[in-house]
Structures are given as C-alpha cells and as structure tokens.
1. Looking at the stretch B:71-95, which of its residues are open to solvent by less than 60 Å² (accessible area, probe 1.4 Å) and of a type in the set (A, V, I, L, M)?
2. Can you tell me which residue is farthest from the other protein chains (Cβ to nearest Cβ) among those in the stretch A:10-58 that are open to solvent by less than 30 Å² (accessible area, probe 1.4 Å) and among the hydroxyl-bearing types (Ser, Thr, Tyr)?
3. Go through the stretch B:128-138 and give me each residue that's over 12 Å from A:ARG9 (Cα atoms), modelled with pLDDT of 95 or more and of a type outside the set (Ser, Thr, Tyr).
4. Check B:SER60, B:SER86, B:SER146 and return the single one that is under 21 Å from the mean Cα position of the chain (by Cα), closer than 30 Å to A:LEU12 by Cα and modelled with pLDDT of 95 or more.
5. Can you list residue pairs whose Cβ atoms sit under 7 Å apart, with the first residue in the stretch B:35-57 being over 18 Å from B:ARG9 (Cβ atoms) and the second being among the acidic types (Asp, Glu) and near DNA strand D (Cβ under 8 Å from one of its atoms)? Count only pairs 6 or more apart in sequence or on different chains.
6. Considering only the stretch B:153-165, how many residues are buried (at least 16 other Cβ atoms within 10 Å of the Cβ) and either outside the structural domain of B:ARG113 (by TED's automatic domain parsing) or at pLDDT 65 or above (or both)?
7. In the stretch A:98-129, what count of residues is obtained for those that are more than 9 Å from chain B (Cβ to nearest Cβ), surrounded by 14 or more Cβ atoms within 10 Å (Cβ to Cβ) and either under 30 Å from A:GLY38 (Cα atoms) or more than 28 Å from the chain's Cα centre (by Cα) (or both)?
8. Of the residues that sit in the stretch B:70-99 and are among the aliphatic types (A, V, I, L, M) and within 13 Å of DNA strand D (Cβ to nearest atom), which one is nearest to A:GLN130 (Cα to Cα)?
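The values are calculated or read from the model by the stated rules, or taken from the named source; none is laboratory data. Bear in mind that the values here come from a model prediction, so they are computed numbers and not experimental data. FYI the Cβ positions are ideal-geometry reconstructions off the backbone, even for glycines, and counts take in every protein chain you see. Quick note on the areas: whole protein, heavy atoms, side chains included, nothing else; ligands and nucleic acids left out. Shrake-Rupley method; radii C 1.70, N 1.55, O 1.52, S 1.80 Å.
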Protein chains: 2
Amino acid sequence: MELKPIAERFVLHWGEMGSRWGVNRTVAQIHALLYLAGRPLDAEEITETLGVARSNVSTSLKELQAWNLARVVHLRGDRRDHFETSTDIWELFKLIVAGRRQREIDPTAVALRECLENPAIDDEDDGTRQRIEETLKFIEIMCTLSDEMLRIRPETLMKTLGVSAKISKTFRKKG
Amino acid sequence: MELKPIAERFVLHWGEMGSRWGVNRTVAQIHALLYLAGRPLDAEEITETLGVARSNVSTSLKELQAWNLARVVHLRGDRRDHFETSTDIWELFKLIVAGRRQREIDPTAVALRECLENPAIDDEDDGTRQRIEETLKFIEIMCTLSDEMLRIRPETLMKTLGVSAKISKTFRKKG
DNA sequence: CGTGAATTTCTGTTTTTACTGAAACAACTG
DNA sequence: CAGTTGTTTCAGTAAAAACAGAAATTCACG
C-alpha cells in the first residue's frame, strides 16, 4: 500500500511521538497506519508500507494486541491474518489509559502499600511515612477517577468534559 | 545521607518506574529522594546517597529544573547549591502533567493542524481526513480539560474528584 | 501425513540512551 | 589575585532497546 503524503506524515509523526509516549516507533507507526487505513491490513502490507522487517511487524502487532489496540480478523478466502484497530479515538484513548494505568500505576500502588505495611516503617522519619501515605492516597484517588472515566461511554464523556470546560470558562470570565 | 530501608525502597522503585514514565532512572531517583527528604540537599549528598557519578547528578538536576520539579535554594553560611522539590503531591502532579502535555501533546496538535491546513489534504481519502480531524478535536478537548484541572487549587480538585467518584459510585449501585 | 504459505522465534547487529571520570570552568575566600 | 571549593561540560564507555534476517514453527489444505 502506498501512503499518500499527508497520511505518511501522520504515520511518521505518530511514530516519533511514540518514543516519547513510551512505545517504540514501529509499534506506534503500525497503530497509526491501522487507524488511518480504517480497514484490516495483513502483515505483509504493513511491512511494505512502512519499510521495516517482517519480523518487526510481527512483534509489534503482538505488542499492540497486548494493549488491546489491535485485533486479528480473517477475510473470507484469505488464509492470512489481518489486523485492525478501532477508528473511534475515544475508544482508543480508553484502551491506552487502561494499559498505562496497569503498567505504570498499579505496580507503584502495590509497592507503596507494601512499604506502609512493613513494620520497619516505624523506624522511618515521620515526614517520610507521611509523604508515602499521601502519595498512595493520591494514587488511589486517581485510580478511582480513571475507573469512572473508563466506564462512561465515549460520547457521554466527551459531552461532560466539553460542558465542564465551558462552565469553568464562564466562571473565569465572571470572576 | 544514609537512607533507611523503606525510603531506599521507595527511591529505587520510583527510579524503576521512571523508565516507564519516560524519565531516566537517575532523574526519577533524585526526585524521589528530594521528595522524601523534605529538605534541601546538596549535589554531593545526593551523589553519595544514590551512588552515581557527580556529573550524572548535575545533569539530572538540570533536567528536573527544566520540568520545574526542582529548584535551587541557598542555606546561609554554605556556598553550595542545595536543591528541593515540592512536598505537595498535588503540586507535583500538576507540574508533571504540564510538562508532559508540553512535550508529548502540543507538538502533535501542531502537526495535525499542519496536516489539515495543507492543500494536499484534498488528495487524501475522506476517511483519513475525517480521522485526522477527529483526532485533533479530541486532543484539543483534552488540552482544555487539562488546562482547567491545572488551574484549580489542589485541595479543590481533590474534593471535586472525590465527590464525583462517590456520586458515580452511588449511581451505579442504584442503576 | 506431506506440502507450502504464513507466522513467529531467535540470534546477532545497529542504534540510542544513560552514565562515568576527567578536564574545563566559575564563583567565592582570604 | 592565588588558592580553594563547587559546578558544568565533554568525550569516551557501558547498558539497553530496537531492529533485520535467517531459521524454526505452525497451520490450512489436499
């Protein structure tokens, strides 16, 4: 598949940002490609379009599947696996938040709880203990909040956020 | 400075998670150390406590300052620079969100706008254009929302979030 | 089962990033 | 302003991550 100029730019940019977001370039590029394509692509097609090794595509697709950001579909009369992603940006956002939370936040919450449950905590400075407690409390609140957000349907969420933004904007003007 | 066991665990864990959060280990460790210490530390003290090179500490402190996560303070009768961070976890959160947004989101918003303003966009598939538009719209809403959050005082934010979580929990029970 | 297409796994290479130690630089002190 | 302390820069090294290509495996289909 030959990418048109704008699509190519989008895919390449997404790939670059991927590094900053903690996913490797190829993974991010493939996801961008699937998103823009809006139809299932097979691995060979992805390989040619992006100009990377076939094995790299395979590995990256595995990673996307682990994030629930890509799924396998089969087209009748074609033995090959094809891959697609949601074209709903809100849906994608929810999946990414869920993934990041699981990988980046949950382990920390566990570690902090272990710190606080450890009897040795009594030997630490009061300030230390207090700050660890506050950090854990903070993380737990954030987790609850993200749970709430992930539960809501995208459209609802969008409206809520849009409205709340408008409201606070109004407040600012008046205040 | 000798770290007590729990504090050491916290610092090391923070360092490990740092990698997943897109900051390098040393930077994350230093920040954790400053946070737990709750008082200004000089570079030498940090070097000894963490067991890394002095130059590494210098570079990392520069990076923390670029994030507004550390600032220099001077103690009377001491020529050395000392460094401290906020011990207010909400304040830290705001700074981190602001930094990430600036580095990870804003460039993408710019790139997407450029894509859509480019006349060549007319040669692209309708689906492609539409999805790029939706993505940009999404990013803009999220930016507005984060602006709102960053403006609110931490305590207010915390209460709002806490309450909203409780409300939706209640709704779920009844629904 | 045997064949060939499709896919994954594995090994080694390349690229990138983090880090160290030494040297240069800057700021203060007597 | 010479000596001392403190800080940053820089060049080289080490560690980690991404990637390519080949080999191995899986699987549909006869």
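1. B:VAL72, B:VAL73, B:ILE89, B:LEU92, B:LEU95
2. My answer is A:THR47.
3. If the condition is that a residue be over 12 Å from A:ARG9 (Cα atoms), modelled with pLDDT of 95 or more and of a type outside the set (Ser, Thr, Tyr), then B:ARG129, B:GLN130, B:ARG131, B:GLU133, B:GLU134, B:LEU136 are the ones that fit.
4. Exactly one of B:SER60, B:SER86, B:SER146 is under 21 Å from the mean Cα position of the chain (by Cα), closer than 30 Å to A:LEU12 by Cα and modelled with pLDDT of 95 or more, namely B:SER60.
5. From residues that are over 18 Å from B:ARG9 (Cβ atoms), the pairs are B:ASP42/B:ASP81; B:ALA43/B:ASP81.
6. Of the residues in that region, 0 qualify.
7. Final tally of qualifying residues: 3.
8. This residue is B:ALA70.
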